[in-house]
Amino acid sequence: MRILLVSDLHYALPQLDWVVRAAPSFDVVVLAGDHLDVSSPVPLDAQSVVLLRYFSLMKPSQALVLASGNHDLTGADAQGERAAVWLPKSRRPGVAIDGDSVVLGDTLVTVCPWWDGPQGKAALERQLAEEAPRRAARWIWIYHWPPAGSPTCWTGRRDYGDVDLGAWIARYRPEFVLAGHVHEPPFTPKGAWADRIGGTWVFNAGKQIGPVPAHIVIDLEAGTATWHSIMGDETLALAAAAAPPRTVF
């Protein structure tokens with residue numbers, strides 16, 4: 001299985017064009033949140049219509065996986081907390097979104113919504129607890145924010161990670177957490193696009209300018225993960241005990 005991970009496209013249409021073109025070359029394409037851009041002059045409602053069309057054009061061979069991020073919250077859910085209420089319109093066969101889990105061969109993929117209050121957090125905790133008994137040989141979480149204390153959330157000035165995620169990783173020990181949210185870590189000398197926390201790999205491709213998004217290719221058969229960016233490429237072995245030293249600085 002070959003997985004393409006991108007995140008934080010923030011309504012960058014040339015980068016979305018690239019994902020559409022690249023998708024058929026992968027078994028699974030993961031967009032790990034922040035599809036919309038709250039700072040854009042284009043209204044969020046209009047952005048969401050365009051994004052839904054782009055999602056319909058992304059056709060990996062097995063699954064398209066879409067998680068929400070903080071920029072994607074456009075309304076209130078049934079509990080009155082902010083949520084990506086537009087994202088369910090992307091649902092079709094072969095697409096997994098917030099709250100879904102899908103088994104792909106020997107891999108369970110769980111899509112974690114961006115939660116914006118105690119009810120959302122509690123719902124996510126229930127989701128993880130309910131899915132844990134179903135885990136296959138591998139369990140992959142799509143979670144927009146990297147865990148606190150990881151170089152995948154180092155901005156260059158401060159650690160900017162999710163405290164709760166670290167505790168959930170320690171409890172359930174997924175094999176992979178595919179994240180985003182913090183744009184800078186892969187592009188800072190003390191940051192990273194990959195981190196090994198016990199038996200869990202955390203990946204964050206970061207955000208870059210230009211028509212091609214920073215992205216990570218995870219090849220489960222080859223046992224490798226490769227980060228591609230305008231700074232260069234870096235590859236690690238999934239069997240390694242830790243991420244290797246950075247080479248692009």
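The values are calculated or read from the model by the stated rules, or taken from the named source; none is laboratory data. Computed from a predicted model, the values in this text were never measured in an experiment. We place every Cβ from the backbone using ideal geometry, glycine too, and count neighbours over all the protein chains shown. All accessible areas refer to the heavy atoms of the entire protein, side chains included, with ligands and DNA or RNA removed. Shrake-Rupley method; radii C 1.70, N 1.55, O 1.52, S 1.80 Å.
Taking region 1-25 as the search range and keeping residues that are of a type in the set (Gly, Ala, Ser) and part of a loop (DSSP other than H, G, I, E, B), which one is surrounded by the fewest Cβ atoms within 10 Å (Cβ to Cβ)? My answer is Ala12.
Within region 204-214, the set of residues being farther than 19 Å from Glu175 by Cα and either among the small types (Gly, Ala, Ser) or surrounded by 20 or more Cβ atoms within 10 Å (Cβ to Cβ) (or both) comprises Gly206, Lys207, Gly210, Pro213, Ala214.
Selection of region 160-199 for residues being open to solvent by 10 Å² or more (accessible area, probe 1.4 Å), in contact with a helix residue (DSSP H, G or I) (Cβ under 6 Å, 6 or more places away or on another chain) and more than 18 Å from Ala242 (Cα to Cα) yields Tyr160, Gly161, Tyr172. Among the residues of region 141-159 satisfying the criterion of being open to solvent by less than 60 Å² (accessible area, probe 1.4 Å) and either of a type in the set (S, T, N, Q) or over 18 Å from the mean Cα position of the chain (by Cα) (or both), which is nearest to Ala214 (Cα to Cα)? Within region 141-159, the match that is nearest to Ala214 (Cα to Cα) is Thr152. For region 149-170, does any single residue satisfy the condition of being touching a residue at least 40 places away in the same chain (Cβ under 8 Å), in a loop (DSSP other than H, G, I, E, B) and in contact with a strand residue (DSSP E or B) (Cβ under 9 Å, 6 or more places away or on another chain)? Yes; the residues of region 149-170 include at least one that is touching a residue at least 40 places away in the same chain (Cβ under 8 Å), in a loop (DSSP other than H, G, I, E, B) and in contact with a strand residue (DSSP E or B) (Cβ under 9 Å, 6 or more places away or on another chain). If you filter region 219-236 down to residues that are over 23 Å from Gly149 (Cα atoms) and not small (Gly, Ala, Ser), you find that the one that is surrounded by the most Cβ atoms within 10 Å (Cβ to Cβ) is Leu220.
Ala240 falls short on exactly one of the conditions (1) outside any strand (DSSP E or B); (2) open to solvent by less than 60 Å² (accessible area, probe 1.4 Å); (3) farther than 21 Å from Ile142 by Cα; (4) in contact with a Phe, Trp or Tyr (Cβ under 7 Å, 6 or more places away or on another chain), and that condition is (4). Of the residues making up region 117-140, those that are at pLDDT 95 or above, open to solvent by 50 Å² or more (accessible area, probe 1.4 Å), of a type in the set (D, E, K, R) and in a helix (DSSP H, G or I) are Lys121, Glu125, Arg126, Glu130. Of all residues in region 26-55, none that is more than 15 Å from Trp86 (Cβ to Cβ) and open to solvent by less than 10 Å² (accessible area, probe 1.4 Å) has its Cβ atom under 9 Å from the Cβ atom of a residue that is among the aliphatic types (A, V, I, L, M) and modelled with pLDDT under 95, 6 or more apart or on another chain. Scanning region 8-32 for residues that are under 21 Å from Trp141 (Cα atoms) and either in contact with a strand residue (DSSP E or B) (Cβ under 8 Å, 6 or more places away or on another chain) or at pLDDT below 95 (or both) returns Leu9, Val19, Ala23, Phe26, Asp27, Val28, Val29, Val30, Leu31, Ala32.
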